[in-house]
Amino acid sequence: MAELTSLILLSCYELTVIGKFICKIWRMFFDNSLSTVLTTLESVHEKLIRLNVDGLNKIKNINWISISIIIVNIMVILITTTIWMIMHKHILQIKDVVIIVVLNTCQCFCFCEYILLISYMKWMIYIINEQIPERKSCLSTFRDMYLEVIECLHQVNRSIYGVPAIVVFIGANVAEIIFTIYGDLLFPRDYINDPYFLASFIALLMRTVNVIVLYTIGDATEKEVNQMSLVLHRRSLIEKNPRIKRQIKFFLLRRLHEHYHFELYGMCHVNIRQLFSLSNIAIGYLVIQVLFKLNK
């Protein structure tokens, strides 16, 4: 059992290190695809502006929230990295310090960029859903914009950020949470004389918040996308044009067979239910290890 515990903790540590490299390298390979997605989203935003839809000023709230998340992440990374370097200053060289800072910063910006992008697409879908019952513009216009945003969402979650989100945003964060709780908080090597307990706690809290934010945004985006069926149904009840009613029925039938799931790389479902399942697995493992350690 002790060998298994050591193996799992070593795997957690290796995942947190390798994840930073994967995050950076994968992002470089799909830079052109991301540029295409951003161009498409920009064109959809311009269409919404030309249609003079309501609610475009609400993007400011999203920006402030996202900027706050970015600032907090950067501050935590700087504080924890600085403390860690002070602890290991006798074995670190200048190049090691530069590599650590660059990798941690890249991982932070990659995560924040992904959260910003998903929040932006969720906001666009929300605006489209709000405008369909208003009958201010042609239904096919909003339908086409909706399909463009959904296609961008698929590209982001499958190819552009699929692997980094699974390996880094979820896997590495959960691994670091387990490693920090077990190795730094519950059973540290020098608990009494450890002056860096606060730094470990801050890092643990930030990793936990990042995982919760990711799963919460994924769940909210999934619900907003699937809200389109209800919105179309409301529009069909007030629509008098037979041609538009036929369009609504056809699109509703299509939506019935294409229920959207927020998935990363087509295999990792991200919602609140999966977050609870992941939490139960992590907590169960920690409880078993604590009981084993106490009865040893």
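Odds and ends about this structure:
- With θ taken as phi - 60° and the Karplus curve 6.51 cos²θ - 1.76 cosθ + 1.60 applied, the whole-hertz 3J(HN,Hα) list for the range 119-130 is 5, 5, 5, 4, 5, 4, 5, 4, 5, 5, 4, 6 Hz, x standing for glycine and proline.
- Estimated at 0.36 nm per residue, the fully extended path between His269 and Leu252 surpasses their Cα-Cα distance by 3.8 nm.
- Subtracting the Cα-Cα distance of Ala282 and Arg158 from their residue separation scaled by 0.36 nm leaves 42.1 nm.
- Accessible area of Lys293 (1.4 Å probe, protein heavy atoms only, ligands and nucleic acids ignored): about 90 Å².
- With a simple spin-label model that places each label point 7 Å from the Cα along the Cα-to-Cβ direction, the separation between Ser35 and Asn52 comes to 3.6 nm.
- ³J(HN,Hα) computed for each position of the range 34-46 - Karplus, 6.51 cos²θ - 1.76 cosθ + 1.60, integer Hz, glycine/proline x: 5, 4, 5, 5, 5, 5, 5, 5, 5, 5, 5, 4, 5
- Taking only protein heavy atoms and a 1.4 Å probe, the accessible area of the range 196-296 is 65% carbon and sulfur.
- For the range 279-292, the Karplus equation 6.51 cos²θ - 1.76 cosθ + 1.60, evaluated at θ = phi - 60°, returns couplings of 5, 5, 5, 5, 5, x, 5, 5, 5, 4, 5, 5, 4, 5 Hz by residue, with Gly and Pro reported as x.
The values are calculated or read from the model by the stated rules, or taken from the named source; none is laboratory data. If you're wondering where the values come from, they're calculated on a predicted model, not measured in any experiment. Counting neighbours? That spans all protein chains shown, and the Cβs are built from the backbone with ideal geometry, glycine included. SASA here: full protein model, heavy atoms, side chains in, ligands and nucleic acids out. Shrake-Rupley method; radii C 1.70, N 1.55, O 1.52, S 1.80 Å.
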